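I'd like to ask some things about the structure below.
The values are calculated or read from the model by the stated rules, or taken from the named source; none is laboratory data. Model, not experiment: these values are computed from the prediction. Virtual Cβ from ideal backbone geometry, glycine too; neighbours counted across all protein chains shown.
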Amino acid sequence: MKKELFDRTDTPLRITIIYIILFIFCVLSIYPILRILTVALRPGNNLFSTSLRIIPSDATLENFKLAFTKYSLLKWLLNSLIVASISTAFGVLIAIYAGYAFSRFEFMGKNIGMSMLLVTQMFPATMMLLPLYLMLIKLKLAGTYLGLVTVYISTAIPFNIWMMKGFYDTIPKSLEESAYVDGANITTSFYRIILPLAKPAVALVALFSFMGAWSEYIVARVLLTDASMITLPVGLVNMQGMFSTDWGIYSAAALITAVPVMILFVALSKYLVGGLTLGSVKG
Amino acid sequence: MGSNKIKKKSGSFNMAQGRYTHLWFLMPAIIIMLLVVVYPLVYEIIVSFKNVNLLNLKSGRYPFVGLDNYKSIFTDGIFYRTLGRTVIWTFINVTFHVVFGLFLAVLLNRKLPFKGIIRVILILPWAIPQYIAAITWKGLFNFDYGTVNIVLNKLFGLQIPWLSDASWSFAACIITNIWLGIPFMMMISLGGLQSIPRELYEAAEVDGASHWQQFKNVTLPLLKPVLTPAIVLGTVWTFNMINVIYIITSGAASEEAQILVTMVYKKAFEYFRYGYSAALSVVIFLILLAFSSAFIKAQKLEN
């Protein structure tokens with residue numbers, strides 16, 4: 001039998017309409033991103049143009065070079081890499097363990113704990129930012145990465161724990177139980193059996209934590225005052241000068257910033273379906 | 001057997017759980033949450049009863065002013081207008097996120113050549129850093145050179161002052177944020193749809209149910225456990241979404257395009273009224289807490 005391309009119930013007319021709708025949404029989805037490319041490829045003397053072409057006729061890579069020479073893009077990239085890596089490492093490690101406890105163990109305050117994690121999502125960004133800012137000033141730690149990393153870890157953890165818990169829930173308990181029968185203790189069964197199975201969820205959680213820290217602007221803008229310490233988002237937004245903006249250079253820098261995380265995201269996106277299990281809210 | 005004894009004692013399904021095992025796993029999370037969530041939260045509430053401004057910021061001694069900060073919030077008309085705008089902002093955004101996200105998920109949840117690549121293209125707005133998306137859309141909304149006006153001009157002869165007029169820039173922010181949020185809801189819905197067994201639809205078809213009836217009576221009820229937490233989370237995130245509005249409205253007279261969180265941010269870090277901002281943060285938190293518990297309770301009652 002020939003393998004069918006479409007569902008049996010779908011008529012050709014319906015398939016056509018579906019493709020048209022999906023095409024429109026794809027264009028809307030990708031156009032703004034392609035627009036960054038267009039502006040990045042434009043030579044400096046051709047900033048204001050009403051052309052809607054994606055690849056300009058006089059395309060040049062000059063702006064990508066200027067982003068590194070005229071601005072300290074490399075420094076910002078390194079700063080962001082440091083901040084994002086530390087935040088991710090802690091955010092993931094903590095969630096791996098806590099999620100397991102919420103998934104497998106019975107203890108007092110389990111449901112309240114899960115709800116409290118959801119409640120932390122309700123703090124406005126400034127709610128943590130302001131007291132941390134005041135505390136850091138008191139402790140004379142303002143302008144170090146400590147405060148920034150702390151904020152990033154604490155914002156990532158609740159979502160990470162929810163995701164990990166949801167994923168552990170899908171792993172059958174019989175796996176561990178048979179390991180216990182064979183004499184394994186909880187540590188071995190966790191590291192040898194559960195954690196390897198949970199790799200997709202760990203990858204997702206790491207991705208979200210990294211992206212969160214890599215792309216955060218609002219908190220970094222307040223906490224980092226030293227020009228040599230600013231992270232990518234602050235640097236990029238600052239490139240928009242008061243009176244004139246090097247849009248071409250800015251766009252090149254934006255692409256250099258965004259493309260690596262976008263590739264990571266797309267590569268891991270197959271885990272998003274099914275891996276993104278928030279579980280049901282119990283309160 | 002030792003493990004059996006433990007099982008009996010703790011009444012747990014997990015044979016290997018000792019009395020304190022869960023604490024070992026939870027300890028790092030508890031410590032960091034106490035340190036960076038609970039402590040700042042308490043501190044924030046304390047600061048909201050004090051007068052903290054640029055002059056006394058470094059001294060660390062803040063005079064106690066009782067409910068003054070809260071009074072000046074609730075007696076100012078701008079709070080109520082901004083609250084109203086925040087509710088509109090959240091409602092429109094979340095509605096569009098869910099409707100479009102679910103719609104696209106339903107379209108993609110079938111055999112369809114090129115499905116994989118379409119899905120990748122559709123999630124790109126989620127993959128791009130938000131501030132870059134916001135700046136890019138700001139460029140698209142430019143009066144003379146932005147794509148939006150060029151297209152509108154060609155089609156309808158319109159040119160809209162997206163960035164200079166407060167209401168239009170609020171609309172621009174909404175469009176940008178809708179664009180940003182659809183992929184999340186789409187992926188959540190897609191995951192939920194794939195867990196619905198095909199047989200249910202086949203049974204419904206045998207019973208002569210139309211596609212709309214199938215959607216209403218099979219798909220929606222079964223998606224509810226997946227969509228409810230996603231909607232709560234989406235609402236909270238949108239309510240507190242600071243990037244889009246802050247970046248798109250910056251550089252313009254924009255008091256009438258702000259939502260509560262951007263107002264807090266501006267009051268704190270542009271006008272340096274820290275005590276007032278702390279009080280406003282507490283108010284925002286209480287609003288969201290009330291909404292979420294009411295929403296979850298309502299969902300539970302329905303079941």
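Residue check: is B:ALA29 at pLDDT below 90 and closer than 27 Å to B:ILE242 by Cα?
The answer is yes for B:ALA29.
Tell me, please, whether a residue that is closer than 22 Å to A:LEU204 by Cα, facing chain B (nearest Cβ under 8 Å) and buried (at least 21 other Cβ atoms within 10 Å of the Cβ) can be found in region A:84-94.
Yes, that holds for at least one residue.
I'm trying to understand the selection: among the residues of region A:181-190, which are within 14 Å of A:ARG104 (Cβ to Cβ) and hydroxyl-bearing (Ser, Thr, Tyr)?
Listed by number, the residues that qualify are A:THR187, A:SER189.
Could you tell me whether A:PHE210 is assigned to a helix (DSSP H, G or I), buried (at least 21 other Cβ atoms within 10 Å of the Cβ), modelled with pLDDT of 90 or more and not polar (S, T, N, Q)?
Judged against the criteria, A:PHE210 is a match.
A further question on this structure: Output the helices (runs of 4 or more DSSP H) that fall wholly within region B:219-299 and possess 2 or more residues being within 24 Å of B:LEU193 (Cα to Cα), at pLDDT below 90 and not basic (Lys, Arg), or say none.
Of the helices (runs of 4 or more DSSP H) lying wholly inside region B:219-299, those with at least 2 residues that are within 24 Å of B:LEU193 (Cα to Cα), at pLDDT below 90 and not basic (Lys, Arg) span B:220-239.
Applying the selection to region B:35-59, what residues are among the charged types (D, E, K, R) and farther than 18 Å from B:PHE285 by Cβ?
Within region B:35-59, just B:LYS58 meets the criteria.
Tally the residues that are away from chain B (no Cβ under 14 Å) and either hydrophobic (A, V, I, L, M, F, W, C) or in a loop (DSSP other than H, G, I, E, B) (or both), restricting the search to region A:50-72.
12
Give me the residue from region A:218-233 that is surrounded by fewer than 24 Cβ atoms within 10 Å (Cβ to Cβ) and at pLDDT 90 or above and, out of that set, nearest to the chain's Cα centre (by Cα).
Checking each candidate, the answer is A:ILE230.
Do the conditions hold for B:LYS266, that is, is it out of contact with any Gly (no Cβ under 7 Å at 6 or more places or on another chain), surrounded by fewer than 22 Cβ atoms within 10 Å (Cβ to Cβ) and more than 30 Å from B:LEU286 (Cβ to Cβ)?
Spelling it out, it is not the case that B:LYS266 is out of contact with any Gly (no Cβ under 7 Å at 6 or more places or on another chain), surrounded by fewer than 22 Cβ atoms within 10 Å (Cβ to Cβ) and more than 30 Å from B:LEU286 (Cβ to Cβ).
Check region B:55-72 and report whether any residue there is in contact with a helix residue (DSSP H, G or I) (Cβ under 6 Å, 6 or more places away or on another chain) and modelled with pLDDT of 80 or more.
Looking for residues that are in contact with a helix residue (DSSP H, G or I) (Cβ under 6 Å, 6 or more places away or on another chain) and modelled with pLDDT of 80 or more, one finds at least one in region B:55-72, hence yes.
Which of the residues belonging to region A:142-168 are in a helix (DSSP H, G or I), over 16 Å from B:ILE30 (Cβ atoms) and of a type outside the set (A, V, I, L, M, F, W, C)?
The answer is A:TYR145, A:GLY147, A:TYR152, A:THR155, A:GLY166, A:TYR168.
Go through region A:169-220 and give me each residue that's in contact with a Pro (Cβ under 9 Å, 6 or more places away or on another chain) and more than 9 Å from chain B (Cβ to nearest Cβ).
The answer is A:ALA220, and nothing else.
Out of A:PHE102, A:PHE23, A:PHE68, A:PHE6, I need the residue that is buried (at least 17 other Cβ atoms within 10 Å of the Cβ) and either aromatic (Phe, Trp, Tyr) or under 19 Å from A:VAL234 (Cα atoms) (or both). Which one?
A:PHE102
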